[in-house]
1. With respect to residue 329, determine if the residue is crowded, with 18+ Cβ neighbours inside 10 Å and in a loop (DSSP other than H, G, I, E, B).
2. State which residue is modelled with the lowest pLDDT when the search covers only region 286-301 and only residues that are assigned to a loop (DSSP other than H, G, I, E, B) and out of contact with any helix residue (DSSP H, G or I) (no Cβ under 7 Å at 6 or more places or on another chain).
3. In the set 24, 62, which member is under 16 Å from residue 107 (Cα atoms), out of contact with any strand residue (DSSP E or B) (no Cβ under 8 Å at 6 or more places or on another chain) and not assigned by TED's automatic domain parsing to the domain that holds residue 304?
4. Could you tell me which of the residues 337, 310 is within 28 Å of residue 137 (Cα to Cα), without any contact (Cβ under 8 Å) to a residue 12 or more places away in the chain and in a helix (DSSP H, G or I)?
5. I need a count of the residues in region 84-96 that are more than 23 Å from residue 32 (Cα to Cα), surrounded by 18 or more Cβ atoms within 10 Å (Cβ to Cβ) and in contact (Cβ under 8 Å) with a residue 40 or more places away in the chain.
6. Would you check if there is a residue in region 44-54 being over 30 Å from residue 119 (Cα atoms) and assigned to a loop (DSSP other than H, G, I, E, B)?
7. When you check residue 70 against the structure, is it crowded, with 21+ Cβ neighbours inside 10 Å, assigned to a helix (DSSP H, G or I) and at pLDDT 90 or above, yes or no?
8. Output the number of residues of region 390-409 satisfying the condition of being over 13 Å from residue 373 (Cα atoms) and surrounded by 13 or more Cβ atoms within 10 Å (Cβ to Cβ).
C-alpha cells in the first residue's frame, strides 16, 4: 500500500507509523490498528505526520518489512524530517537495530510506545514499580544496540573489549534491578492481600470496572462514587487502580474499583508486570465490563477485553455488560442490538448519568447473593466459634444473654454450613436458642464457662 504523508507543522517529535498487512490479517484490521496506534502516539506527545503499510505473507527476519519498502519509507521520513518511526507490531532486538540504521532515526514498536505512556501516567509507587519492571524486561535483550560505539570482540580469555565489559556490567545491573523490583511488588501483593482480608471481614463485595481503554470507565467511576479520578479523552488516561465505596439504593455497601484499560495487542510482559494491579480484577466478585457502544469496532474491543481477562485467569468471573456513551451512539437501534445480544446488560451514559437507576438496580441484584443476613446464638464456651465469626463475617449487632451471645451478622453463603448449629430460625424464642448447654466434658457433665 502506498505510504501516506500529511502536511503538518513542525512539532517537538514528528512520528511516522508503519504497519504490516500479513496473510492472517484483514485490510480493515490493519487500518483500525494503525488508527489506534496514531491515538497512542498522540497520547505520548507525538505528532503523526504519516503512515505506511506493506502487504507481505510473513514478517521479514531482519527488518520486519521488506528491505525495499524500508528504503522507500526511509526516504519519505527524511524528506518530512521525521524524528521517530513506530511499528504497529513488536520488533525483535535485531530488527530494531537494523531498522534504526536504515531510517537513521529512533525506531520504536507498539510495546515501547505503550510503556512510554504508562511511564507518564503512573502516579503511585506501585504503578511506577510496575512500569519500571516492564521497561527493564523490554530493555534487557536490546542493550547491545546502545553500545555500538564501543569495541566488542567475540570474547574469551584476553579477548574482551571495553564494549563487551560495559555491556555485561549493564546487564547485571538491569537483572539486579529487576530482582529488587519483583521483590518490592511481592510486598505490594502481600499488602493488597491484607487489605482484601479486611474487606472480607466487612463483607463488602468488590466490583471491578474493566474494559477497553477510553471506554469511559473513569467517568463512570467518578459519577458513581464521587471520586476525582483523572478523566481524559486519551488512551490509558488512568493507570493506577482506585477503590471507593458505593452505597446502593438497597443500602448495601459495595467496593468499586477502577483499573487500567485493556487494548489489542497488549504485550504479555505488561500483563505479567501489572499482576499486582490486575489482582483487583482477579479477586472481584463481579466485573463491570464497560463498552463504548458508539465505537465502530465495539465488538472487536469486547473480544480484546475477553482475551486479556482469560490471560489473567479472570475469564470465568461473573460479568455485567455496561454499554456506555449511548448519548454518542449513531442510532438507538445499534444500542438495542447490543442489549438483545447480551441479556441483563444495561445501557448508560456516564457523562449524563442516563440509565444509572437501572445500573444500580442490576448491580444490587447481581451482588445480593454475596452475603446473607443471619441471627446466631453462640454459647460463651465456644470462644473459637466467636473468634471465627468475627474473622469472616460482618457483625452488625451483638448482645449478651446469660450463657450465650446473640449476633446479627452478614455471612457469605458458602460459610453458612459452618455456623448452622448456631443459626436462629426466624422468630425463635429464648427457650429454643441452640447451644444453651456447652459441650460435655470427659465424664459426660456439661463444661462450665470458667
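The values are calculated or read from the model by the stated rules, or taken from the named source; none is laboratory data. Model, not experiment: these values are computed from the prediction. Glycine gets a Cβ as well: all are built from the backbone with ideal geometry, and neighbour counts include every protein chain shown.
1. yes
2. The extreme case among them is 296.
3. 62
4. None of the others qualify; the one that does is 310.
5. 1
6. No, every residue in region 44-54 fails to be over 30 Å from residue 119 (Cα atoms) and assigned to a loop (DSSP other than H, G, I, E, B).
7. Yes: the conditions hold for residue 70.
8. 7
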